[in-house]
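Asks: Let me give you the structure first, and then I'll get to my questions.
Nothing in this text is a laboratory measurement; each read-out follows from the coordinates by a stated rule. In this text the structure is predicted, and so the values were computed from the model without any measurement. For neighbour counting, all protein chains shown are included, and Cβ atoms are generated from backbone atoms with ideal geometry for every residue, glycine included.
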Amino acid sequence: MTSEKIIENLQGIIAPVTTPFNSRGEVDQGAFRENMSSYAGSGLAGVLVAGSSGEAPYLTEAERLRLVEIAREAIKAPQVLLVGTGLEGTAATLRLSREAIARGADALLVLTPNYYKPRMDAEALLAHYRAIAGGVKRPVLIYSIPQFTGLTVDPETLRKLSRLPNVVGLKESSGKLDYVRAVLRKVRRGFRVLIGSASILYDSLQEGAVGGVLNQADFVPALCVALYDAFLHRRAREAHDLQQRLFPLADEISIPYGVPGIKVALDFCGYRGGQPRLPLIAPSAKAKRQIQAAIREARAGLDV
């Protein structure tokens with residue numbers, strides 16, 4: 001796809017896919033390939049490889065790139081292959097971004113650098129994203145997840161970032177609707193804001209967001225896609241009902257248990273979840289039962 005077509009397709013529901021590991025703690029390429037094949041025919045707008053749900057901080061650069069290669073085999077246009085390439089240093093991020101593009105990435109999701117967070121002001125972030133976006137020939141999205149990075153980018157800085165050439169969007173995962181509204185008022189027209197929190201997805205779509213990158217889409221993609229479709233076709237009552245079904249999947253799975261809980265949900269729903277990579281620990285048997293009960297409740301009465 002051309003960059004213009006990729007940007008056009010950056011809307012709807014994108015699954016931030018997990019990374020399966022085998023009993024030795026190595027990437028299970030076969031399990032990952034199975035999941036990609038399932039997502040290819042799911043109605044998703046695309047997948048995100050090597051995001052937070054993919055345990056990106058625990059992956060080597062070589063592992064990230066191999067996952068891109070495998071995903072590219074299954075994910076075809078118009079689905080978008082979005083790849084997390086954000087590292088702490090600008091040069092390292094640029095190098096990894098170029099390698100990801102060479103292996104098939106359609107667009108890049110670049111995490112805000114955060115180790116020296118007191119120094120990550122507007123000037124530093126502008127220099128970082130300008131260098132990366134100017135050094136690659138694929139669209140770049142900013143990744144804001146302050147609950148992990150400890151860095152909240154103020155809306156005025158995002159206004160400036162949204163005007164950088166080739167910086168085309170934002171994945172915003174704070175879960176704070178007021179902040180999303182403030183950002184949407186500031187960024188340039190056409191800037192693609194994707195929401196990473198199920199609890200505010202519908203309200204954010206109404207405010208001008210174009211889609212969501214939801215970990216719930218890893219294990220119940222049809223429910224997430226149905227919500228987006230109901231929004232698009234102005235079926236407000238249906239969209240509200242589906243939104244209410246997503247709430248417990250966040251409150252009872254992803255928020256209390258994180259990626260290990262999402263992997264349990266994947267296994268329960270017929271995908272390949274498997275074990276998290278240390279130092280993350282798998283949930284207890286009791287927690288697994290609670291996760292399964294939450295999924296059953298969310299799907300009750302639905303053909304998903």
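Asks: Just how far, in whole angstrom, is region 232-304 from region 65-120 if you go by their alpha carbon centroids?
Replies: Taking the Cα centre of region 232-304 as reference, the centre of region 65-120 is 26 Å away.
Asks: Quickly rank 99-107, 280-288 as a protection proxy: mean count of other C-beta atoms within 10 Å, highest first.
Replies: Answer by packing, highest mean first, reads 99-107, 280-288.
Asks: Which residues in region 167-202 have a backbone N closer than 13 Å to a point placed 7 Å from the Cα of Glu156 along the Cα-to-Cβ line?
Replies: Those under the cut-off are none; the list is empty.
Asks: Return the percentage of antiparallel bridges among DSSP beta bridges fully within region 1-139, rounded to the nearest 5 %.
Replies: Percentage antiparallel, nearest 5: 10.
Asks: Still on this structure, I have one more. Counting DSSP beta bridges with both partners in the chain, what percentage is antiparallel, nearest 5?
Replies: 5 percent
Asks: From the helices alone, meaning DSSP H stretches of at least four residues, give me the mean residue ellipticity at 222 nm for the chain, per-run term -39500 (n - 2.57), in deg cm²/dmol to the nearest 500.
Replies: Counting only the DSSP helices, I get -14500 deg cm²/dmol.
Asks: Count neighbours as other Cβ atoms within 10 Å of each site's Cβ, and list the GluC sites (Glu not before Pro) in region 20-62 that are DSSP loop with at most 14 such neighbours.
Replies: Listed in order of number, the matching sites are Glu26.
Asks: So what is the relative contact order for region 224-304, in percent, with contacts set as C-alpha pairs under 8 Å and at least six apart?
Replies: For region 224-304, the relative contact order is 27 percent.
Asks: Continuing with this model, one more query. Counting other C-beta atoms within 10 Å, and keeping those with at most 15, which DSSP coil trypsin sites (Lys or Arg not before Pro) do you find in region 111-169?
Replies: Answer in residue order: Lys137, Arg163.
Asks: If you place +1 on the Cβ of every Lys and Arg, -1 on the Cβ of every Asp and Glu, and leave all else neutral, what size is the dipole of region 229-304 about its Cα centre, to the nearest 20 Debye?
Replies: 200 debye
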